[in-house]
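Participant: First the structure, which I've put down as structure tokens, then a few questions once you've had a look.
The values are calculated or read from the model by the stated rules, or taken from the named source; none is laboratory data. Here the structure is a predicted model, which is why all the values come from computation and not from measurement. Positions of Cβ are generated from backbone atoms using ideal geometry, with glycine treated the same way; all protein chains shown enter the neighbour counts.
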Ligand code: PEP
């Protein structure tokens, strides 16, 4: 049985006071599903969030990190720095990092290596843009993103990897992939993993869907056999909406 996960990516939202308010609201929610719950506040609020949530079953995770251990990388944060504030999981490869900050598959491969070397779990994001979907190129694009960033890893590394398929055209747009489109792609991703690492690895990796998941569509998307949860943007900024999604399993 694969782990079900619902992770909220807060992006560049919420100052310290807003973070405290949202966390208070999250702590008042009741979880009725078995899904693992994670939230990713901004770097400046990770420690506060960790302190407030460390005795709960909401994990505080990071949105990004640099691949270097330390040094002259102004403005960056390393894996060991994340660990020092209680973080055990990091999101890597979000499409906004790829698009606005020039993160390539090669850079992401280095980030994945650094995270795993520091015993962080990775939520690795990837997905096609609209033009790829329209031209029927979406599977090839997704396959190459996964191969380029992850296929140098040993099979054993995948116990610390969660995949997040996020079609770029569905992120923050209000347009979701249909449950069938999500299922087709997740099955394709699992087949791609199986071809390289075998069925046991492929069947053990959780694959999340991200892209305008809301309380009114989560159940249908999570009901698909190869969808193991969601990476949630906008709806993660409201505690009621986020937990409606967490409890959609
Ligand atoms: C995301 O940014 O990962 C995301 C899925 O955002 P949204 O839910 O707002 O589409």
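Participant: Going through region 193-231 one residue at a time, which ones are in a strand (DSSP E or B) and away from the ligand (no atom under 13 Å from the Cβ)?
Facilitator: The answer is 207, and nothing else.
Quick grid of which residues meet (1) within 16 Å of the ligand (Cβ to nearest atom); (2) under 22 Å from residue 125 (Cβ atoms); (3) in a helix (DSSP H, G or I); (4) touching a helix residue (DSSP H, G or I) at 6+ places or on another chain (Cβ under 9 Å):
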position	(1), (2), (3), (4)
6	yes, yes, no, yes
39	yes, yes, no, yes
56	no, no, no, yes
69	no, no, no, yes
75	no, yes, no, no
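Participant: Determine which single condition residue 182 fails, assuming it passes every other condition in (1) within 13 Å of the ligand (Cβ to nearest atom); (2) buried (at least 22 other Cβ atoms within 10 Å of the Cβ); (3) not in a helix (DSSP H, G or I).
Facilitator: It fails just one condition, (3).
Participant: Then there is this: Could you go through region 116-128 and let me know if any residue there is more than 27 Å from residue 35 (Cα to Cα), more than 16 Å from the chain's Cα centre (by Cα) and more than 15 Å from the ligand (Cβ to nearest atom).
Facilitator: no
Participant: Moving on to the next point. State yes or no: is residue 119 within 16 Å of residue 162 (Cβ to Cβ), out of contact with any strand residue (DSSP E or B) (no Cβ under 7 Å at 6 or more places or on another chain) and without any contact (Cβ under 8 Å) to a residue 60 or more places away in the chain?
Facilitator: Against the criterion (within 16 Å of residue 162 (Cβ to Cβ), out of contact with any strand residue (DSSP E or B) (no Cβ under 7 Å at 6 or more places or on another chain) and without any contact (Cβ under 8 Å) to a residue 60 or more places away in the chain), residue 119 qualifies.
Participant: Would a scan of region 142-158 turn up a residue that is closer than 17 Å to residue 129 by Cβ and assigned to a loop (DSSP other than H, G, I, E, B)?
Facilitator: So far as region 142-158 goes, no, none of its residues is closer than 17 Å to residue 129 by Cβ and assigned to a loop (DSSP other than H, G, I, E, B).
Participant: Exactly one of (1) more than 16 Å from the ligand (Cβ to nearest atom); (2) at positive phi is unmet by residue 172. Its number?
Facilitator: Unmet condition: (1).
Participant: Given the criterion surrounded by 19 or more Cβ atoms within 10 Å (Cβ to Cβ) and more than 16 Å from the ligand (Cβ to nearest atom), identify the matching residue among 134, 147, 111.
Facilitator: Values: 134 fails: surrounded by 19 or more Cβ atoms within 10 Å (Cβ to Cβ); 147 fails: surrounded by 19 or more Cβ atoms within 10 Å (Cβ to Cβ).
Result of the check over 134, 147, 111: 111.
Participant: Looking at region 8-24, can you tell me whether even one residue there is more than 15 Å from the ligand (Cβ to nearest atom), touching a strand residue (DSSP E or B) at 6+ places or on another chain (Cβ under 7 Å) and farther than 26 Å from residue 78 by Cβ?
Facilitator: No, the conditions are met nowhere in region 8-24.
Participant: Could you check, for region 83-91, whether at least one of its residues is assigned to a loop (DSSP other than H, G, I, E, B) and within 20 Å of residue 12 (Cβ to Cβ)?
Facilitator: yes
Participant: If you take the residues of region 213-235 that are closer than 15 Å to residue 174 by Cβ and touching a strand residue (DSSP E or B) at 6+ places or on another chain (Cβ under 9 Å), which of them is surrounded by the fewest Cβ atoms within 10 Å (Cβ to Cβ)?
Facilitator: Once the filter is applied, the top-ranked residue is 214.
Participant: Among the listed residues 164, 155, which satisfies the condition of being under 27 Å from residue 62 (Cβ atoms), surrounded by 15 or more Cβ atoms within 10 Å (Cβ to Cβ) and at pLDDT 95 or above?
Facilitator: Result: 164 is the single residue among 164, 155 that is under 27 Å from residue 62 (Cβ atoms), surrounded by 15 or more Cβ atoms within 10 Å (Cβ to Cβ) and at pLDDT 95 or above.
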